[in-house]
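The block underneath contains the structure these notes are about, expressed in C-alpha cells.
Values in this text are rule-based calculations from the coordinates and carry no lab data. What you see is a predicted model; the values in this text were computed from it and never measured. Cβ atoms come from the backbone with ideal geometry, glycine included; neighbour counts cover every protein chain shown.
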Amino acid sequence: MHCSATAEPNSERSAVLFGLSGTGKTTLSADPKRELIGDDEHIWGENGVSNIEGGCYAKAIDLSAEKEPDIFNALTFGAVLENVVYDENRVVDYHDTSITENTRGSYPIEHIGNARIPCVAGQPSDVIFLTCDAFGVLPPVSKLSPEQAMYHFISGYTAKVAGTEVGVTEPQATFSACFGAPFMVWHPAKYAQLLAEKMQKYNVNVWLVNTGWAGGAYGVGERIKLKYSRAIIDAINSGELANAPTVKDERFGFEVVSACSDVPGEILQPRNAWADKDADQAGDDIQSAAPKAI
C-alpha cells in the first residue's frame, strides 16, 4: 500500500493514511501523539499493518521546528538532503528554493523519537484518504461508505502542486488509481475489492481528508492550515469524528463532517468558506474527469 501508518501508544490500534505526493502522508504521520509505523509503503495482512521500508522521505520546503518539529529534528547527521541550500556553517535554509521547490530529506525511521520499532501494529480502526484539492471544492473531512471508499480509492484524486512534479508551477488535477498507480500490478478494482473486504472484516471507518484549498481555488482561496489538518486527524484517531454530526453533500453524496474540535466551522462546509457562495459549484471539470464507478 502506498500509505503512511501510525499506532496508538501502548495499543495495537492503528490508522492508515493513503495519499499521493504533496498530500501530507509524511507530515501528518509524524505525530507526537502517535507512534510512527512508516510514511510510505506498508503491508496490511491478517495480523495488522507493517512497514516495508527503513526510513522516511519528506518534503523540506519551508520546513521549520515550529510547524513540523519531528521532521525538522530528524534531518540531522545520518539523514540525506536533496536540492537544499546551506551556508558555510552547514545551516540549511529550507525557505530557499533557488534550485527547485522540490527539496527533500531522507532519514532513518529511528530519527523519529516516537517511531515504533519494530514497525508493526494491529488492525486499523480508520483508513484516511488524503487529497490536495486545489479547486476548493472538497470539504476538509468527510466520511465515506464502503462503496464510496472503493470509488475514491480507484479514483486516487489529488492535484499536482509545485514542488512535487517537474514543470508544475500551478496545481493540476490528476488521478492515480489506489493513490499509487505506478506500484500496482493488478487491476485497480481488485485492490478496491480487497479494501472493501478488510473494511467489513475489521469494521474500519474510512475518511476523505482534503489538505488542499478552502475559500476558493488556488490563487483565490488559501491552503488549509496544517494545524487544522492535524486537528482533523487527531479527531479521527480519538474517535471523536465517528460520532460527529454530518451533512450529506448533494454533489458527491458523502457525509461531510460539520463539527470538529479546533477547526473553524466555516471551513468544514466549502460553500461557507467562499466569498461567492455559489462559486463552489465550479467543480464540474473535476467531477466529470473522475473515473466512472466499475
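General observations
- Where a residue in region 46-58 is over 19 Å from THR27 (Cα atoms) and in contact (Cβ under 8 Å) with a residue 60 or more places away in the chain and its partner, wherever it lies, is of a type outside the set (Phe, Trp, Tyr) and not in a strand (DSSP E or B), with Cβ under 6 Å and at least six apart: GLY48/GLY122; GLY48/GLN123
- Residue list for region 240-253, filter: surrounded by fewer than 15 Cβ atoms within 10 Å (Cβ to Cβ) and without any contact (Cβ under 8 Å) to a residue 24 or more places away in the chain: ASN243, PRO245, VAL247, LYS248, GLU250
Conditions tested, residue by residue: (1) in contact with a Lys or Arg (Cβ under 6 Å, 6 or more places away or on another chain); (2) of a type in the set (S, T, N, Q).
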site	(1), (2)
THR6	yes, yes
SER11	no, yes
GLY19	yes, no
LYS25	no, no
LEU28	no, no
GLY38	no, no
GLU41	no, no
GLY55	no, no
ASN73	no, yes
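- Meets criteria (closer than 18 Å to GLU8 by Cα and not hydrophobic (A, V, I, L, M, F, W, C)) for SER125: yes
- Breaking point among (1) part of a strand (DSSP E or B); (2) of a type in the set (Val, Ile, Thr); (3) surrounded by fewer than 18 Cβ atoms within 10 Å (Cβ to Cβ), for VAL256: (3)
- Selection of region 4-40 for residues being surrounded by fewer than 24 Cβ atoms within 10 Å (Cβ to Cβ), closer than 14 Å to VAL120 by Cβ and touching a helix residue (DSSP H, G or I) at 6+ places or on another chain (Cβ under 8 Å) yields only GLU8.
- The listed residues are VAL204, VAL220, and the only one of them that is more than 15 Å from SER155 (Cα to Cα), out of contact with any Asp or Glu (no Cβ under 8 Å at 6 or more places or on another chain) and not polar (S, T, N, Q) turns out to be VAL220.
- If you go through region 11-21 and keep only what is more than 8 Å from the chain's Cα centre (by Cα) and not charged (D, E, K, R), you end up with SER11, SER14, ALA15, VAL16, SER21.
- Restricting attention to region 210-242, the residues being over 23 Å from ASP31 (Cα atoms), part of a loop (DSSP other than H, G, I, E, B) and not aromatic (Phe, Trp, Tyr) number 6.
- Screening the candidates ASP96, ASP126 for the property of being farther than 30 Å from TYR202 by Cα and surrounded by fewer than 22 Cβ atoms within 10 Å (Cβ to Cβ) yields one hit, ASP96.
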